[in-house]
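The values are calculated or read from the model by the stated rules, or taken from the named source; none is laboratory data. From a predicted model like this one, the values you see are computed outputs, not experimental measurements. Here the Cβ positions follow ideal geometry from the backbone for every residue, glycine too, while neighbour counts run over all protein chains shown. Quick note on the areas: whole protein, heavy atoms, side chains included, nothing else; ligands and nucleic acids left out. Shrake-Rupley method; radii C 1.70, N 1.55, O 1.52, S 1.80 Å.
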Amino acid sequence: MKIIGLIGGISWVSTADYYELINQGINEKMGGLNFSECLIYSFNYADIKKNNDANDWDRTFEMLFKGCQFLKSGGAEAIVLCANTMHLIADRLEKAIDLPVIHIATETAIQIQKEELKKVALLGTKFTMELDFFTKKLIDKGIEAIIPENSDDRDFLHTAIFEELGRGIVTDETKKRILKISNELIENGAEGIILGCTELPLVIKPGDVSVPIFDTTLIHSNAAIAFQLS
């Protein structure tokens, strides 16, 4: 089994989901008492958010690079960034650390392509929705991504992710608003919904909307499992 390194704490809530999903997946494949051989470097989320709010991605890169170096020195053969937004610097990290970084957007695009969908909605932080680091991976596979047109909706998603979901808080009010946003995107032609934040699966579940849901946490975890067993 290959060893993977998880960059976590961004947030700890979804990092726990990654750890559970990856270990369960390895056990389903191998049986017995076989589980994932992995390392975790978990950040204080407040430090990361402070950098990102200041648009200081160089500082965030320096922090994540340090974490990746720690994981590599411990024997990690690939890196898993346990958050969509951090993939803004994934390609840069991969070059600097000289290890594969399993890219969440690339793996999601592959799954959407398997479903033969051409137009999907992308929900996530404002960084994920408004910058192109995620959508360009979709475009490379011939997939169009749409985001909420209303800036108030994007602001709501961004705030809910950081202030509620990232702390493990789930409310009916937030779920109703996200479902409303999702249904409006479906009316605008979305054939599927990408949960482009690793905390969104806490609130949106398969069957909540009329189109397929692409849970990036699950997709990314499955890609990590495939790497470990390759």
remark   = So, first residue over 12 Å from R92 (Cα atoms) in the stretch 61-75, second residue open to solvent by 80 Å² or more (accessible area, probe 1.4 Å), Cβ within less than 9 Å, six or more apart or across chains; the pairs are K72/D98; G75/E37
request  = Just give me the residues in the stretch 129-169 being small (G, A, S) and surrounded by fewer than 18 Cβ atoms within 10 Å (Cβ to Cβ), in sequence order.
outcome  = G142, S151, G168
request  = For the stretch 43-81, name all the residues that are closer than 22 Å to I22 by Cβ, part of a helix (DSSP H, G or I) and either open to solvent by 10 Å² or more (accessible area, probe 1.4 Å) or among the aromatic types (F, W, Y) (or both).
outcome  = Y45, Q69, F70, K72, S73
query = For residues in the stretch 1-42 being in contact (Cβ under 8 Å) with a residue 24 or more places away in the chain and of a type in the set (F, W, Y), which is least open to solvent (accessible area, probe 1.4 Å)?
reply = Y18
key: Residues satisfying the stated conditions in the stretch 198-223, i.e. at pLDDT below 95, in contact with a strand residue (DSSP E or B) (Cβ under 7 Å, 6 or more places away or on another chain) and open to solvent by 10 Å² or more (accessible area, probe 1.4 Å)   = P201, P206
query = Can you spot a residue in the stretch 156-172 that is under 23 Å from Y19 (Cα atoms), of a type in the set (D, E, K, R) and assigned to a loop (DSSP other than H, G, I, E, B)?
reply = yes
message = Against the definition (assigned to a helix (DSSP H, G or I) and either more than 20 Å from the chain's Cα centre (by Cα) or of a type in the set (K, R) (or both)), how does K180 come out, yes or no?
response = yes
ask   = Is it the case that the stretch 171-191 has a residue that's among the hydrophobic types (A, V, I, L, M, F, W, C), assigned by the TED database to the domain that holds K126 and within 16 Å of L218 (Cβ to Cβ)?
value = no
